[in-house]
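S.K.: Attaching a single structure in structure tokens format; questions to follow.
The values are calculated or read from the model by the stated rules, or taken from the named source; none is laboratory data. Values in this document were obtained by computation on a predicted structure and should not be read as measured data. All Cβ positions, glycine included, derive from the backbone under ideal geometry; neighbour counts span all protein chains shown.
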Amino acid sequence: MSEQSTAKNSRYERKFYLQNFSSERAETIIKHNPARFTEIHQQRFINNIYLDTPKLTFFFDNVVGKSTRKKIRIRWYGELFGRIEKPVLEFKLKSGATGTKLSFPLAGFTLDKSFNQRMLKTVYNNSELPDWVNEELHTVEPTLINRYSRRYFHSFDKLFRSTIDHQLKYIHVDRTFNSFTRMETDRSSVIVELKYNYEDDKKASLITNRFPFRMTKSSKYVNGIEIFRKSLAL
């Protein structure tokens, strides 16, 4: 496998977390925006395995609002369980309100009850990753799996992309043994995101001012970890 690492330009990701809201209603609002959004791509399921330190450093950095923080995940599309042929390791690096993303292809693997930290290390060893990435991966372990359906929209001028995430599912994952029985599904929430490059920020208010919902701080990773931390406390 040849190395393909991509540093995407710094961009904004404005999030709107909507409870008791339908994806159809969100679609109507987006399509009626003056930016003239139209749907692109085909709706698809996104799956993520999140990686964090044993002390959940990335989780707590997000919760306290640390200005510089990171998120590490393994992402793929389509079916959740079974053979995964094209997983991608992603580093999301946030500085203030903007962020960048670094992506690295991984060797394929199978997600089933045999999944654990040791198996992930085999995946890393079978992938062509830079030394600094391998060093980072030695310090983290799997902490959460999530899955959701995403729809994609582009503004008429192609400067802004909006997405609608719904059918959110969170699955507890352990570093040593997994039966995947601890699972929570959120069918009543929708997450709308507006994504655009740094230089287009002044134009963004023309779009967001026409959305009938407030911008919120929302992280699917934080939401999922909090769900299972609360259940352990009961």
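S.K.: Testing residue 43 on (1) touching a Lys or Arg at 6+ places or on another chain (Cβ under 6 Å); (2) touching a residue at least 40 places away in the same chain (Cβ under 8 Å); (3) closer than 19 Å to residue 174 by Cα, one condition comes back false. Which one is that?
M.R.: Going through (1) touching a Lys or Arg at 6+ places or on another chain (Cβ under 6 Å); (2) touching a residue at least 40 places away in the same chain (Cβ under 8 Å); (3) closer than 19 Å to residue 174 by Cα one by one, residue 43 breaks only (3).
S.K.: Residues to consider are 189, 205; find the one that is more than 30 Å from residue 139 (Cα to Cα), among the hydroxyl-bearing types (Ser, Thr, Tyr) and under 16 Å from the mean Cα position of the chain (by Cα). So that I can check it myself, show each step before the final result.
M.R.: Values: 205 fails: under 16 Å from the mean Cα position of the chain (by Cα).
When all the criteria are applied, what remains is 189.
Matching residues to (1) among the basic types (Lys, Arg); (2) surrounded by 15 or more Cβ atoms within 10 Å (Cβ to Cβ); (3) at pLDDT 95 or above:
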site	(1), (2), (3)
31	yes, no, yes
37	no, yes, yes
44	yes, no, yes
52	no, yes, yes
59	no, yes, yes
71	yes, yes, yes
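S.K.: Only one of 33, 62 is polar (S, T, N, Q) and either in a helix (DSSP H, G or I) or more than 22 Å from residue 216 (Cα to Cα) (or both); which? Before you say what the answer is, go through the steps one by one.
M.R.: Working: 33 fails: either in a helix (DSSP H, G or I) or more than 22 Å from residue 216 (Cα to Cα) (or both).
Sole residue among the options that is polar (S, T, N, Q) and either in a helix (DSSP H, G or I) or more than 22 Å from residue 216 (Cα to Cα) (or both): 62.
S.K.: What number of residues within region 120-174 are out of contact with any Gly (no Cβ under 9 Å at 6 or more places or on another chain), of a type in the set (A, V, I, L, M, F, W, C) and within 30 Å of residue 200 (Cα to Cα)?
M.R.: Of the residues in that region, 5 qualify.
S.K.: Here is a follow-up. Looking at this structure, is residue 156 under 24 Å from residue 215 (Cβ atoms), of a type in the set (A, V, I, L, M, F, W, C) and either out of contact with any Leu (no Cβ under 8 Å at 6 or more places or on another chain) or touching a residue at least 12 places away in the same chain (Cβ under 8 Å) (or both)?
M.R.: Working: under 24 Å from residue 215 (Cβ atoms): yes; of a type in the set (A, V, I, L, M, F, W, C): yes; either out of contact with any Leu (no Cβ under 8 Å at 6 or more places or on another chain) or touching a residue at least 12 places away in the same chain (Cβ under 8 Å) (or both): yes.
When the stated conditions are applied, residue 156 passes them.
S.K.: Something else: Which residue out of 91, 81, 104 is surrounded by 12 or more Cβ atoms within 10 Å (Cβ to Cβ), closer than 16 Å to residue 139 by Cα and modelled with pLDDT of 95 or more?
M.R.: Numbers: 81 fails: closer than 16 Å to residue 139 by Cα; 104 fails: closer than 16 Å to residue 139 by Cα.
That would be 91, the only listed residue that is surrounded by 12 or more Cβ atoms within 10 Å (Cβ to Cβ), closer than 16 Å to residue 139 by Cα and modelled with pLDDT of 95 or more.
S.K.: Turning to a different aspect of this structure: Could you tell me how many of the residues in region 154-167 are touching a strand residue (DSSP E or B) at 6+ places or on another chain (Cβ under 7 Å) and either among the acidic types (Asp, Glu) or buried (at least 21 other Cβ atoms within 10 Å of the Cβ) (or both)? Step through it out loud before you land on a result.
M.R.: Quick first cut of region 154-167, residues touching a strand residue (DSSP E or B) at 6+ places or on another chain (Cβ under 7 Å) only: 154, 159-167.
With either among the acidic types (Asp, Glu) or buried (at least 21 other Cβ atoms within 10 Å of the Cβ) (or both) added as a condition, the list becomes 160, 162, 164-166.
Matching residues across region 154-167 total 5.
S.K.: Let me ask something additional. Got a number for residues in region 168-189 being surrounded by 12 or more Cβ atoms within 10 Å (Cβ to Cβ), small (Gly, Ala, Ser) and in a loop (DSSP other than H, G, I, E, B)?
M.R.: Residues meeting the conditions: 1.
S.K.: Let me ask you something else. Give the residues of region 205-226 that are surrounded by fewer than 17 Cβ atoms within 10 Å (Cβ to Cβ) and outside any loop (DSSP other than H, G, I, E, B), sorted by residue number.
M.R.: Across region 205-226, the qualifying residues are 205, 206, 208, 226.
S.K.: Go through region 139-155 and count every residue that is part of a strand (DSSP E or B) and farther than 30 Å from residue 187 by Cβ. Don't jump to the end; show me each part of the working.
M.R.: At the first step, the residues of region 139-155 found to be part of a strand (DSSP E or B) are 141-154.
This time we only want the ones that are farther than 30 Å from residue 187 by Cβ, so: none.
Residues that pass the stated criteria total 0.
S.K.: Residue 64 - would you say it is without any contact (Cβ under 8 Å) to a residue 60 or more places away in the chain and in contact with a strand residue (DSSP E or B) (Cβ under 7 Å, 6 or more places away or on another chain)? Working first, answer last.
M.R.: On the way: without any contact (Cβ under 8 Å) to a residue 60 or more places away in the chain: yes; in contact with a strand residue (DSSP E or B) (Cβ under 7 Å, 6 or more places away or on another chain): no.
So residue 64 does not fit the description; no.
S.K.: Right, another one. So which residues in region 48-107 are more than 20 Å from residue 150 (Cβ to Cβ), out of contact with any helix residue (DSSP H, G or I) (no Cβ under 9 Å at 6 or more places or on another chain) and hydrophobic (A, V, I, L, M, F, W, C)?
M.R.: Passing the criteria: 60, 64, 93.
S.K.: Considering only region 70-101, how many residues are closer than 22 Å to residue 224 by Cβ and assigned to a strand (DSSP E or B)?
M.R.: So the first thing to find is which residues in region 70-101 are closer than 22 Å to residue 224 by Cβ, and the list is 70-82, 84, 87-94, 99, 101.
Cutting the leftovers down to assigned to a strand (DSSP E or B) gives us 70-77, 82, 84, 88-94, 99, 101.
Selection size over region 70-101: 19.
S.K.: Answer yes or no as to whether residue 113 is more than 26 Å from residue 159 (Cα to Cα) and over 18 Å from the mean Cα position of the chain (by Cα).
M.R.: Details: more than 26 Å from residue 159 (Cα to Cα): yes; over 18 Å from the mean Cα position of the chain (by Cα): yes.
So residue 113 fits the description; yes.
S.K.: Mind listing whichever residues of region 111-138 are farther than 23 Å from residue 181 by Cα, assigned to a loop (DSSP other than H, G, I, E, B) and polar (S, T, N, Q)? Walk me through it before giving the result.
M.R.: From region 111-138, those farther than 23 Å from residue 181 by Cα are 121-138; that's our starting set.
Filter once more, so that each one left must be assigned to a loop (DSSP other than H, G, I, E, B): 126-130, 138.
Of everything in region 111-138, those that are farther than 23 Å from residue 181 by Cα, assigned to a loop (DSSP other than H, G, I, E, B) and polar (S, T, N, Q) turn out to be 126, 127.
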